[in-house]
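Input: a single structure, listed below in C-alpha cells.
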Amino acid sequence: MIEPFPGQVQGLRSQNRRAILAAIRRLGRTARVDIARETGMSAATVTSITADLVARGLVEEVVDEEARTAGVTRGRPRVLLRIRPDAYLVGGAKISEDHITVTLMDFEGNESHHHVVELRLLDKSPEEVAAHLRRATEAALKLTGRALGDLACLGVGLPGFVEAARGRVWWSPCFRMRDVPFGALLAAAFPFPVFIDNDANLAALAEQWFGYGQGVADFLVVTIEQGVGMGIVLDHRLFRGTRGIGAEFGHVKVERDGALCRCGQRGCLEAYVADYALLREAPMALDPGGPPLAPRAALDALFAAAKAGDPTALSIFDRAGRMFSLGLANLVNIFDPALVIFSGEQMRFDFLYGARVLEQMRGNTLATGRPGPRVRVHKWGDRLWAMGAAALAIDGLTERVLREPPPGEAAEGQGSSPASR
C-alpha cells in the first residue's frame, strides 16, 4: 500500500473538515450518524473531526429536545450537533448605484438586522465609496447596540466584473474608473477581513443558503435590475470561472453590432433587458408633455402603459422578452440545470418571465422528452444580495479559522483561537 505524504493527509483532513461543516450547515441540528451518511465518511472520521470543530468553537453539541419530549429516547438524551450561532457576528453589504444595504448575521446564518442608506455613489471616488460603506456598517451595528469591533468580517457585493480572489473590480456601474483595487481599499477601511464578489454570485449564495436553492445540487440564478447577472451553482459549489468573471450572462452577445451596452460593447443581452435599456426607449411610449420622471417611476409608467395595451410600450417589452428567452434557452442547453431562479428588482415586470417568454425559452432548448428545469421567481429585493454577502463572509471566515492549528496544537504564547475570543 502506498502511504500518503503528510501534506496529503493534512489536505484530506482539511477537505473533510470543510465537508462536515458544510453538511452540518445544510442539515441543521443533526446527529453524527446522519453526517456520516450525508458525507460518505466513516463514523470514526466524523467523530474525530466534529470533536475538532467543537474545540475550535465552530460547532456545539445540543440535546435532541424533540426526541426527549416525545419519549423516543430512554436514558441519556440523544446529542445533536449544530453550527454555533454566537461564534461570530458577521456582516454583508450590497453596494448599488444609489444606495448601500447592510445586514448583520450570526455564524449560523440567522439575520439580526438590516439597514439601508440612500446615497448616489456614481459621483464618488472608490475611496469615498469605501468610507461610506464603513459608515453604513457602523450605523447598522449601532442600531443593534454593537460597535465595529464586535464584527468578525464583512462580505461585500457590487455589480460588474469582480475578480473576487484578487479583490479587483475590473468594471462596475458604481465607479467611473476601471480596474479598481477595491479589496485593498476595503482592507484599509476596516479592521477585519473583507471579502468582495459580484452581486449575482451572492444572489446565488443567498438562494443556496436561505432560498429556493437549498439542497439543490445544480441551479442558476438570473438577476435583472440595473444590469443582468447570473450566479451558477454546480454540485453544491459556486462557479466563478478562472478569472472570477465566468457568469456574465448579461454580456453574452445576442445581436451583432446591436444596442450599446454600459460595458462599452454592442449587442449584449443587458443592452435590451436591463432597466437602462428599457428607459432608453421609454420616452417613445410615455407622454412627452408630462413632468419628468425618476427612473423607477418611468419604468413603472412604461409597464403600466404596456399593461393597458399601448402598442409602443408592448413592443419594448416584447423585444426584451424575446432576447431574454433566447439567452435563457442557451443557458439551459449549456448547463442543464435542475432549477432556474429569477431574482431582482425587475421581477415586478412579468413580461420578462411570463408564460410567453418561458414558452419561447422551451422552444429553443433541446428536446429530450423529459421535463425541463423548474423555474421560480423570488422577489427578495436588496436584502437578498446583502444576505448572500454575509454568507460569503461566513465562508471566508470559516476558511481562515480552519487553516489555523487546532487549539491543542497552538504554540504556547500565541493566544486562543478566534472562535474562543
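Where the centroid of each part is defined by its Cα atoms, how far is segment 274-348 from segment 85-109 in Å?
Here the answer is 30 Å between Cα centres.
At a Förster distance of 30 Å, what's the computed FRET efficiency of Glu127 paired with Glu404, Cβ-Cβ distance as r, to 0.05?
Efficiency, rounded to the nearest 0.05: 0.40.
Across segment 379-387, in residue order, what do the Karplus-derived ³J(HN,Hα) couplings come to in whole Hz, using 6.51 cos²θ - 1.76 cosθ + 1.60 with θ = phi - 60° and x for Gly and Pro?
So the Karplus estimates, Gly and Pro as x, are 9, 7, x, 5, 4, 4, 5, 5, 5 Hz.
Give the separation of the Cα centroids, segment 157-183 to segment 39-54, in Å.
39 Å
Please list, or write none, the lysines whose alpha carbon is within less than 23 Å of the alpha carbon of Lys94, excluding same-chain residues fewer than 8 places away.
Within the straight-line cut-off, Lys94 pairs with Lys124, Lys142, Lys379.
Find the all-direction average of the projected area of the Cα convex hull for segment 282-345, expressing the result in square nanometres with one decimal place.
Average projection, Cα convex hull of segment 282-345: 5.3 nm².
What spacing in nm lies between the two simple spin-label points modelled at Arg322 and Asp86, each 7 Å away from Cα in the Cβ direction?
That separation, rounded to one decimal, is 6.1 nm.
By how many degrees, between 0 and 90 and to the nearest 10, does the Cα long axis of helix 295-307 differ from the longest principal axis of the chain?
So the helix axis and the longest Cα principal axis differ by about 70 degrees.
Pulled fully out, how much extra length does the chain show between Val377 and His113, if you take 0.36 nm times their separation in residues and subtract their Cα-Cα distance?
Extending this stretch completely gives an extra 92.6 nm.
Determine which residues of segment 221-263 fall in the zone a paramagnetic label at Thr365 would reach in this model, i.e. backbone nitrogen under 14 Å from the point 7 Å along Cα→Cβ.
From segment 221-263, the list is 221-222.
Can you order the peptides 14-23, 140-149, 364-373 by their average number of other Cβ atoms within 10 Å per residue, highest first?
14-23, 140-149, 364-373
Suppose every Lys and Arg Cβ carries +1 and every Asp and Glu Cβ carries -1, with no other charges. What dipole size does segment 221-303 come out with about its Cα centre, to the nearest 20 debye?
Dipole of segment 221-303, to the nearest 20 debye: 400 debye.
Aspartates and glutamates near Lys307 by alpha-carbon distance under 20 Å, same-chain residues fewer than 8 away left out - which ones?
Glu225, Asp275, Glu281, Asp287, Asp318, Glu345, Asp350, Glu359
The numbers here are math on the coordinates, done by the rules we state, and not lab data. Keep in mind that this is a model prediction, so the values were computed, not measured. Using ideal geometry, Cβ is built from the backbone for each residue, glycine included, and neighbour counts are taken over all protein chains shown.
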